[in-house]
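**Student:** So that we are looking at the same thing, I have put the structure below in structure tokens.
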Amino acid sequence: MTLRWIAKNLLEERAALAASIGGVALSLVVVLLVDGMFAGESERIVTYPERAGADVWVMQSGVSNIHMATSLMRGEVVGAVKAVRGVASATPILNVGAFLESRGGRWYSYVIGVHPEERRGGPWAMVSGRALPGPGEAVIPDVLAQKAKLGIGSTINALGRTFTIVGISTDTYSMANSVTFVAYGDLAQLLSVRDGTASYLLIEAAPGTSSADLAARIRSAVPDVNALTREAAVESDRRIAMQMGIGIIGVMTWVGGLVAALVIALTTYTATIRRARELGVVKALGFRQRTLYLTVLVQGGVIAALGYGVALAVAYAVRPLLGVSTPEVALVYPPVSLLRLAATTALIAIAASCLSGRHVARVDPAIAFRE
Amino acid sequence: MTDARLTAMRVTKVFGTGHTAVRAVHDVSLEIAPGELVMIMGPSGSGKTTLLSMLGGLMRPSSGHVTIDGIDLTTLNESELPDVRARKIGFIFQAFNLLSSLTAEENVVFPAQLVAGGIRAARTRASALLERLGLADRRRALPRTLSGGEKQRVAIARALINDPPVILADEPTGNLDSVHGQEVLMILHEVARDEGRAVLVVTHDPRVEDIADRILWLEDGALRDRKAEPHSWVRDPVCRMRVDEWTAQVSTEHAGRRYVFCSPRCLVRFEADPERYAASSGAT
């Protein structure tokens, strides 16, 4: 009956309830969207190391990332790696960050130099055109093509040279880490490095050789390189991405959480003030303090839970719309993030209710005798 | 009186300390037996509500003892008092104090969750009480749709749901017109006489005198002998009810004369059309 009373109290003031749920939902949506964008971007950032076809990534010693890193290995080092037992093939790629320019627009992208005859290192899914570029040619991501209004046959400038677009790839775009493919020879020339030099080596493990064993063997056999399994390379890039955004996410979560806490606290507090007389009457009738605490707690809990539910619905509703209107932004909601936000929201509800609980404790039951 | 249900022994309440101390109730002793309806009257600010709060276990006296059904409330701690309030005392308030979001029946049943038997058993009792108080067809109505008289009858049913031996009523007719006020008084009379409960009514309503077994006069926080001529009866110019102009709470001035009323409701009607009622006998 007490819960029924609490529920009816909430429903009796529908406008206040809706405003409170809306306020909580709005603050949580902000947290969810920022978190979701970051998670989406983190996933996109690691797409290249994940999909480029390497069992083991080999890079310059002291480097442990593909994203936000510079690596360069001489031809002799590359040869030494190829000679390690268990290496079935080693595909060298060159990698440099550069601005692509076309029709007055500039877009930052990693430019990957791949050998036209190699199976690894190039795009893994195409929208149109050829996957591997020849001299003077480039393959660009679909989102970039859409944003820059470029198509097959269009030209772009990178590193002071003009490339003709011969292919449009998909799954290769992210806000921080788009991937454009050009011919290895073109990039080697632009970087003024000798043929055979590589930024990274994409290693295919021989049948029966585990990636972890092979990476360890390469590290011990060739002192000037670092070797990571695909999983380790992906994890390393993901960690870098998370480190870069964790501060922003943390601040947004705090801000969103604080707003949600204030909304819940304000709602339960004003409801407590408005119903002080009823709470006094309930005390006078013989109900204990804990019943009144329960009232406030359930009230805060219901608002928080409904606010969270609405925020979740909005966040999922926004996702397909964003995919159409702003394809460069990917929204991903990892279950662990949703659970963490749910737990945070529950804690917020409890903390906010405690503030009102102090007022509840001071309600005088003798208020019932006052007219 | 040894079988008293409600006893106050030398109860005093002082608010504040030192030279700012205010003695709201001073050395009050009283006993109310089962089946007895006692009325406490007195001017505004005489300490009636403070005394009632202490008798109901809602406020601790500065000194003295309050006993209900053999339990000394002043020896109980804060966690024990709510249980006594739930099982031993039925409260009736001037402002009705129904829970606005609950129906009439839910309001009646609400305190039953505090006692053995719980809600299920209480529903049957609530139905019987609402039936008896003429509210059978209003059980699903929300308080805002009830008249003042209906609200007070629901409040009485709520006060009776846990079968308490003591009923404390604060101005139970204060917000009712004469007809509904009379109804409520008759119900309280029955509750005392037929059910053997000790009923204490704090009121300005002189009609309670007709049904009260005893009348106590509280003035300046102390029980005193009643004045020889405490009443000066006049007629409410609107409803024609007899009103004691000496203790009347509701009054107004019109054309240089003072008019007293049984309730704010009659005052409102008077003010809407004073000329219509001015010639009546409520003027003093």
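The values are calculated or read from the model by the stated rules, or taken from the named source; none is laboratory data. Quantities reported herein were computed from a predicted structural model and do not represent experimental measurements. As a convention, Cβ positions derive from the backbone with ideal geometry for all residues, glycine included, and neighbour counts pool all protein chains shown. Remember, those area values only see protein heavy atoms, side chains included, never the ligands or the DNA or RNA. Shrake-Rupley method; radii C 1.70, N 1.55, O 1.52, S 1.80 Å.
**Student:** Roughly how tilted is helix A:230-274, in degrees to the nearest 10 and between 0 and 90, from the longest Cα axis of chain A?
**Tutor:** It works out to around 20 degrees.
**Student:** Can I ask one more? Mind running the shape call on segment B:137-284? Use the C-alpha gyration tensor, a ≥ b ≥ c as the square roots of the eigenvalues: rounded below 1.5 for a/c, prolate if a/b tops b/c, oblate otherwise.
**Tutor:** Note, shape of segment B:137-284 comes out oblate.
**Student:** Determine the calculated [θ] at 222 nm for chain A from helices alone, applying -39500 (n - 2.57) to every DSSP H run no shorter than 4 residues and normalising by the residue count; nearest 500 deg cm²/dmol.
**Tutor:** Mean residue ellipticity at 222 nm (helix-derived): -18500 deg cm²/dmol.
**Student:** Keeping every protein chain present and rolling a 1.4 Å probe, give me the accessible area per residue for chain B in Å².
**Tutor:** Numbers: 11860 Å² over 284 residues.
Accessible area per residue: 42 Å².
**Student:** Starting at the first residue of segment A:120-127, write each ³J(HN,Hα) from the Karplus equation 6.51 cos²θ - 1.76 cosθ + 1.60 with θ = phi - 60°, in whole Hz, x for Gly and Pro.
**Tutor:** 3J(HN,Hα) across segment A:120-127, in whole Hz: 9, x, x, x, 9, 8, 10, 8.
**Student:** If I take every Cα pair under 8 Å that is 6 or more residues apart in chain A, average their sequence separation and divide by the length, what percent do I get for the relative contact order?
**Tutor:** The normalised contact order for chain A reaches 28 percent.
**Student:** What number comes out for accessible area per residue over segment A:1-130 if the probe is 1.4 Å? Units Å², please.
**Tutor:** Roughly 42 Å² per residue, with all protein chains present.
**Student:** Taking segment A:125-198, which trypsin sites (Lys or Arg not before Pro) meet the DSSP loop condition and have no more than 14 other C-beta atoms within 10 Å?
**Tutor:** A:Lys149, A:Arg194
**Student:** Which loop trypsin sites (Lys or Arg not before Pro) in segment B:165-248, with loop taken from DSSP, have no more than 10 other Cβ atoms within 10 angstrom of their Cβ?
**Tutor:** In loop regions of segment B:165-248 (DSSP not H, G, I, E or B), the sparsely surrounded trypsin sites (Lys or Arg not before Pro) are B:Lys227.
**Student:** Could you list which residues have their amide H under 5 Å from that of A:Gln60, counting only those 5 or more apart in sequence or on another chain, with H placed in the peptide plane?
**Tutor:** Sorted by chain and number, the residues that satisfy this are A:Leu72, A:Asn226.
**Student:** Need one number: nm distance between label points at A:Arg51 and A:Ile152, each 7 Å from Cα along Cα→Cβ, rounded to one decimal.
**Tutor:** In this crude spin-label approximation the distance works out to 1.9 nm.
**Student:** Using only the alpha carbon atoms of segment A:80-152, find the Kirkwood hydrodynamic radius as the inverse mean reciprocal pair distance, in angstroms to one decimal.
**Tutor:** Answer for segment A:80-152: a Kirkwood hydrodynamic radius of 14.2 Å.
**Student:** Nearest 5 percent is fine: what portion of the DSSP beta bridges confined to the protein assembly as shown is antiparallel?
**Tutor:** 70 percent
**Student:** Give me the dipole magnitude in Debye, nearest 20, for the protein assembly as shown about the Cα centre, with unit charges on the beta carbon: positive for Lys and Arg, negative for Asp and Glu.
**Tutor:** Result for the protein assembly as shown is approximately 360 debye, rounded to the nearest 20.
**Student:** What total accessible surface area, summed over both chains, is buried at the interface between chains A and B, computed with a 1.4 Å probe and given in Å² to the nearest 100?
**Tutor:** In total, chains A and B hide about 2500 Å² from solvent.
**Student:** Suppose every K and R has +1 on its Cβ and every D and E has -1 on its Cβ; what is the size of the dipole of segment A:1-73 about the Cα centre, in Debye to the nearest 20?
**Tutor:** For this selection, approximately 300 debye.
**Student:** Which angle between 0 and 90 degrees, to the nearest 10, do you get for helix A:335-362 versus the longest principal axis of chain A when only C-alpha atoms count?
**Tutor:** Between helix and principal axis, roughly 20 degrees.
**Student:** Still on this structure: Given a 1.4 Å probe and the protein chains all in place, what does the accessible area of A:Val34 round to, in Å² to the nearest 10?
**Tutor:** Surface open to solvent at A:Val34 totals about 40 Å².
**Student:** Compute the length gained on full extension between A:Ala212 and A:Gln243: take 0.36 nm times their separation in residues and subtract their Cα-Cα distance, giving the result in nm to one decimal.
**Tutor:** Between A:Ala212 and A:Gln243, full extension yields 8.7 nm more.
**Student:** Another one. Heads up, I need the accessible area for A:Glu101: 1.4 angstrom probe, whole protein in place, Å², nearest 10.
**Tutor:** Using a 1.4 Å probe on the heavy atoms, I get roughly 80 Å².
**Student:** Where the accessible area of chain B is counted over protein heavy atoms with a 1.4 Å probe, how much of it, in %, is carbon and sulfur?
**Tutor:** The C+S portion of the solvent-accessible surface of chain B is 48 percent.
**Student:** On to the next question. Residues with amide H under 5 Å of B:Leu216's amide H, sequence separation 5 or more or different chain, H placed in the peptide plane at 1.01 Å from N; which?
**Tutor:** B:Met39, B:Ile40, B:Met41
**Student:** Quick one: grab the alpha carbon gyration tensor of segment A:27-70, order the square roots of its eigenvalues as a ≥ b ≥ c, and give me rounded if a/c is under 1.5, else prolate or oblate depending on whether a/b is larger than b/c.
**Tutor:** Judged from the Cα gyration tensor, segment A:27-70 comes out prolate (a/c at least 1.5, a/b above b/c).
**Student:** What figure in square angstrom, to the nearest 10, would you give for the accessible area of A:Glu76 with a 1.4 Å probe?
**Tutor:** Roll a 1.4 Å probe over it and A:Glu76 shows about 120 Å².
**Student:** Hey, another quick one. Just to be sure I understand the interface: list residues from segment B:73-91 that lose 20 Å² or more of accessible area between the chain on its own and the complete protein assembly, 1.4 Å probe.
**Tutor:** B:Ser79, B:Pro82, B:Arg85, B:Phe91
**Student:** At a threshold of 8 angstrom on Cα-Cα distance, excluding pairs fewer than six apart, so keeping six or more, what relative contact order does segment B:143-284 reach in percent?
**Tutor:** Taking the mean separation of contacting Cα pairs over the length of segment B:143-284, I get 19 percent.
**Student:** Hand me the trypsin sites (Lys or Arg not before Pro) from segment A:298-371 located in a DSSP loop with no more than 16 other Cβ atoms within 10 Å, in residue order please.
**Tutor:** A:Arg370
**Student:** Would you mind giving the mean number of other chain beta-carbons within 10 Å of the Cβ of each residue in B:93-103, as a whole number?
**Tutor:** 6
**Student:** Of A:Gln243, A:Ser192, A:Val78, whose Cα points farthest to the positive end of the dipole of chain A (charges on the beta-carbon: +1 Lys, Arg; -1 Asp, Glu; origin at the Cα centre)?
**Tutor:** A:Gln243
**Student:** Can you give the Rg to Rh ratio of the protein assembly as shown, both from alpha-carbon atoms, with Rh computed by the Kirkwood formula?
**Tutor:** In the protein assembly as shown, Rg relative to Rh is 1.31.
**Student:** Please give the per residue accessible area of segment A:299-371, computed with a probe of 1.4 Å over protein heavy atoms only, in Å².
**Tutor:** On a per-residue basis, segment A:299-371 sits at 49 Å².
**Student:** With a/c under 1.5 counting as rounded, go ahead and sort segment A:48-173 into rounded, prolate or oblate using the C-alpha gyration tensor (a ≥ b ≥ c being the square roots of the eigenvalues; past the cut-off, prolate if a/b is larger than b/c, else oblate).
**Tutor:** prolate
**Student:** A follow-up question, please. Per residue of segment B:26-32, in order, report the coupling 6.51 cos²θ - 1.76 cosθ + 1.60 (Karplus, θ = phi - 60°) as ³J(HN,Hα) in whole Hz, putting x for Gly and Pro.
**Tutor:** Result, ordered by residue: 10, 6, 8, 10, 7, 9, 10 Hz.
**Student:** Okay, moving on. Show me, for segment B:178-189, the HN-Hα J-couplings you get by feeding each phi into the Karplus relation (A = 6.51, B = -1.76, C = 1.60, θ = phi - 60°), rounded to Hz, glycine and proline as x.
**Tutor:** After applying 6.51 cos²θ - 1.76 cosθ + 1.60, I find 4, 5, 5, x, 5, 4, 5, 4, 5, 5, 4, 4 Hz.
**Student:** May I pose another question? Give the average, rounded to an integer, of partner chain Cβ atoms located within 10 angstrom of each Cβ in B:169-179.
**Tutor:** Average neighbour count from other chains, rounded to a whole number: 1.
**Student:** Run lengths n ≥ 4 of DSSP H only: what is the helix-derived mean residue ellipticity at 222 nm for chain B, with -39500 (n - 2.57) per run over all residues, to the nearest 500? Present the calculation step by step, with values, prior to reporting the outcome.
**Tutor:** Numbers: 8 runs with 80 residues, N = 284.
That comes out to -8500 deg cm²/dmol.
**Student:** Can you send over the carbon and sulfur percentage of the accessible area for segment A:140-243, probe radius 1.4 Å, protein chains only?
**Tutor:** 49 percent
**Student:** Do you know which residues of segment A:1-45 lose at least 40 square angstrom of accessible area in the protein assembly compared with their chain on its own, with a 1.4 angstrom probe?
**Tutor:** Hits at the 40 Å² cut-off: A:Met1, A:Trp5, A:Lys8, A:Glu12.
**Student:** When chain B is treated as a GNM, springs tying every alpha-carbon pair under 10 Å, which of B:Ser79, B:Ser62, B:Ser147 comes out with the largest mean-square fluctuation?
**Tutor:** B:Ser79
**Student:** In whole angstrom, how far apart do the alpha carbon centroids of segment A:156-175 and segment A:1-46 sit?
**Tutor:** First find each Cα centre; the distance between them is then 41 Å.
**Student:** Share of segment A:262-371's accessible area from carbon and sulfur, percent, 1.4 Å?
**Tutor:** That fraction is 73 percent.
**Student:** Report, in debye and to the nearest 20, how large the dipole of segment A:42-196 comes out about its Cα centre when Lys and Arg carry +1 and Asp and Glu carry -1 on their Cβ.
**Tutor:** The dipole magnitude comes to about 140 debye.
**Student:** Whose amide H sits under 5 Å from the amide H of A:Asp171, counting only residues 5 or more places off or on another chain, with H placed in the peptide plane?
**Tutor:** For A:Asp171, the qualifying residues are A:Asp142.
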